[in-house]
Amino acid sequence: MSKKFGFIKDIVVQDQKEKRFDGKVATRFPPEPNGYLHIGHAKSIFLNYGVAEEFGGSFNLRMDDTNPEKEEEEYIRSIVKDVKWLGARWQGDMRYASDYFDEMYEYAVKLIKKGKAYVDDLSPEEITRYRGTLTEAGKESPYRNRGVDENLELFEKMKKGEFPDGSKVLRAKIDMASPNLNMRDPVMYRVLSSSHHRTGDKWCIYPMYDFAHCIEDSIEKITHSLCTLEFEDHRPLYDWFLNELGVHHPKQIEFARLNISYTVLSKRRLMELVREGHVEGWDDPRMPTISGMRRRGFTPESIRDFCEKIGVAKANSTVDVSLLEHCIRDELNRKAPRVMAVLNPLKVVIENYPEDKTEELEAVNNPEDESMGRRMLPFSREIYIEREDFMENPPKKFFRLYPGKEVRLKHAYYITCKEAVKDEKGNIVELRCSYDPSSRGGWAPDNRKVRGTLHWVSAKDAVKVEARLYDRLFDKEDPQEGEDFKENLNPESFKLMKNCMAEPGVKELKPGDRVQFLRKGYYIADTKDFTEEKPVFNRIVPLKDTWAKIVRRKTGKKKESKK
């Protein structure tokens, strides 16, 4: 049994031993459709779905659509797409909280009849003031002791829309002196004359989350209601409602929510970034949303691997974002074909290479997997190399190209720089080099040592591509430090390079294909803008693996990596 479920696995195992819930396991993922899912939700999906799968149980997908003012069909569609893409499969039809509005109303009536709920006329501000503080008991509402018949009549009128929004609420009658503020007569229903995306104008009252959620779990016969840690203080209320109603009672279990360095995982703040135009939308590749990560090039397997590596804990902590980057890098190192692409081209003319000659050179597609085969690369007199791979006056230990220096062209030949050609402004526009014909394939017969190896593309065969270099959206480890988290946005999080040159094989790629640009990083053919006429690539992650360095520093072990 996998350790990825942590202490939750131990609880479920014990429940099965005790034949609790008749040995059954039923979980659910209940998002509110008021935004797009992010990687924190992915952790919850993998946990809930994984526990059900591990124990042969069932898994439900349920939209918690109890707030019509913030919910949209767009969000529902995106949630369904994301959950499917992550590989979670729910049992039966997708559920909605609104499926149970009639039952919830009847349960509220039942609590009124038991003397456990009452209609309150206090304003929202007064309710907050009467609630008290952590060190001071709350104060009972003057409407708390209304009779059952009056409460039933008022609640019925609330349902019929006879009162203006915010004028009345239905509250549970529990304990205004409770040390847990959630137990101080929480609101169960509010008057809200807003059309619902599924029920239309049928309802003028809507249930609050704490009341609705436990009812939904109960109706669906959920056994283990897995929630993030902020709901721990709400558990007594979850239990109180179900105990008072005498219905099926799931076990609520809390786990630590996901926090990642250099990342914001607040739906409200992500919404702010979208609405204020700091990003291009919910699927901007810099966003930690599932749709953004999908467009960036992350895979479901890499996200699952990340979630399994961080495990499930009881205490909140922050995970280094480089672990997430390591997971996709590790997968693509094994799976992604290699491609030659020059992002900032500098032309090289090989003077002793025949002008009218083009030859095909063999290149391995992935050194990690020989089964991926080989491809042929065109080579000619004029090629492009990275501009950063040449320096006219290099420092010590610069092993790339400079005047008089010999380097290896990957899969090709040894070349030696003879001259740097400049324009009238002194800018280097071209290099003049010579090559060693005996070094075909990148190895000379005399086995002389050449320390630098460069990637390249044939100039006359190159395909012009656009590269979008994405980096972390924030430049501060804890973006929420300070008065405004948006002040910590990384101005270098996006760089557009329009005049890149790549080997001709990129024209055969399709949107969503992932490759490694040799020496530059892992890229995905953009799922929105990539065409054969205009190939557009998003950088997923650079080649540099900072997480591997952290692991080596902590363990002293060296991780082998082939590029």
ask   = What do you reckon, is Ser302 modelled with pLDDT under 95, hydroxyl-bearing (Ser, Thr, Tyr), outside the structural domain of Arg432 (by TED's automatic domain parsing) and over 20 Å from Cys433 (Cα atoms)?
value = no
ask   = (1) of a type in the set (A, V, I, L, M, F, W, C); (2) within 40 Å of the chain's Cα centre (by Cα); (3) closer than 30 Å to Glu73 by Cβ: which one isn't true of Phe163, the others all being true?
value = (2)
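One line per residue, one yes/no per condition, for (1) in contact with a Leu (Cβ under 8 Å, 6 or more places away or on another chain); (2) in the same structural domain as Phe398 (by TED's automatic domain parsing):
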{"site": "Asp423", "(1), (2)": "no, yes"}
{"site": "Gly442", "(1), (2)": "yes, yes"}
{"site": "Pro445", "(1), (2)": "no, yes"}
{"site": "Leu473", "(1), (2)": "yes, no"}
{"site": "Leu489", "(1), (2)": "yes, no"}
{"site": "Met497", "(1), (2)": "yes, no"}
{"site": "Met501", "(1), (2)": "no, no"}
{"site": "Arg519", "(1), (2)": "yes, no"}
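Any residue that is more than 21 Å from Tyr75 (Cα to Cα) and not assigned by TED's automatic domain parsing to the domain that holds Lys84 - is there at least one of those in the range 264-271? Reasoning before the result, please.
Step one: list which residues in the range 264-271 are more than 21 Å from Tyr75 (Cα to Cα), which gives none.
Checking the range 264-271: not a single residue is more than 21 Å from Tyr75 (Cα to Cα) and not assigned by TED's automatic domain parsing to the domain that holds Lys84.
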inquiry  = I want to confirm something. Restricting to the range 74-94 and keeping residues that are in contact (Cβ under 8 Å) with a residue 24 or more places away in the chain and over 20 Å from Gly292 (Cβ atoms), which single residue is surrounded by the fewest Cβ atoms within 10 Å (Cβ to Cβ)?
reply    = Gly92
ask   = How about the range 190-283: which helices (runs of 4 or more DSSP H) wholly inside it have at least 3 residues that are at pLDDT 95 or above and more than 30 Å from Ile310 (Cα to Cα)?
value = 209-219, 235-245
query = What single numbered condition from (1) in contact (Cβ under 8 Å) with a residue 12 or more places away in the chain; (2) on the phi < 0 side of the Ramachandran plot fails to hold for Asp284?
reply = (1)
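Which of the residues belonging to the range 410-455 are part of a loop (DSSP other than H, G, I, E, B), within 44 Å of the chain's Cα centre (by Cα) and more than 26 Å from Pro367 (Cα to Cα)? Spell out the reasoning first.
Taking the range 410-455 as the starting set, the residues that turn out to be part of a loop (DSSP other than H, G, I, E, B) are 410-413, 423-427, 440-452, 455.
Of the ones still in play, those that are also within 44 Å of the chain's Cα centre (by Cα) are 410-413, 427, 441-443, 450-452, 455.
Scanning the range 410-455 gives a single hit, Asn427.
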note = The residue that is surrounded by the most Cβ atoms within 10 Å (Cβ to Cβ), considering only those in the range 196-254 that are within 27 Å of the chain's Cα centre (by Cα) and of a type in the set (S, T, N, Q), is Ser225
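Scan the range 141-172 residue by residue and report those that are assigned to a loop (DSSP other than H, G, I, E, B) and in contact (Cβ under 8 Å) with a residue 40 or more places away in the chain.
Answer for the range 141-172, where residues must be assigned to a loop (DSSP other than H, G, I, E, B) and in contact (Cβ under 8 Å) with a residue 40 or more places away in the chain: Ser141, Arg144, Gly161, Gly166, Ser167, Lys168.
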remark   = Going through (1) of a type in the set (S, T, N, Q); (2) closer than 27 Å to Arg62 by Cβ; (3) part of a loop (DSSP other than H, G, I, E, B) one by one, Asn182 fails only at (3)
message = Please verify whether Lys113 is within 30 Å of Leu258 (Cα to Cα) and either modelled with pLDDT under 95 or basic (Lys, Arg) (or both), treating the condition exactly as stated.
response = no
ask   = Could you count how many residues in the range 456-477 are small (Gly, Ala, Ser) and part of a loop (DSSP other than H, G, I, E, B)?
value = 2
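Residue by residue, here is whether (1) in contact with an Asp or Glu (Cβ under 8 Å, 6 or more places away or on another chain); (2) of a type outside the set (Ser, Thr, Tyr); (3) within 21 Å of Glu301 (Cα to Cα) holds:
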| site | (1), (2), (3) |
| --- | --- |
| Val13 | no, yes, no |
| Lys43 | no, yes, yes |
| Met63 | yes, yes, no |
| Glu69 | no, yes, no |
| Ile79 | no, yes, yes |
| Val83 | no, yes, yes |
query = Looking at (1) out of contact with any strand residue (DSSP E or B) (no Cβ under 9 Å at 6 or more places or on another chain); (2) free of Cβ contacts under 8 Å to residues at least 40 places away in the same chain; (3) outside any loop (DSSP other than H, G, I, E, B), which is the one condition that is false for Gly56?
reply = (3)
request  = Evaluate the range 431-439: report whether one residue or more is closer than 22 Å to Pro504 by Cβ, touching a residue at least 60 places away in the same chain (Cβ under 8 Å) and polar (S, T, N, Q).
outcome  = no
remark   = Exactly one of His326, His278 is over 14 Å from the mean Cα position of the chain (by Cα), buried (at least 19 other Cβ atoms within 10 Å of the Cβ) and not hydrophobic (A, V, I, L, M, F, W, C), and that residue is His326
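The values are calculated or read from the model by the stated rules, or taken from the named source; none is laboratory data. Remember, predicted model here, so these are calculated numbers, not experimental data. Positions of Cβ are backbone-derived with ideal geometry, glycine not excepted, and every protein chain shown enters the neighbour counts.
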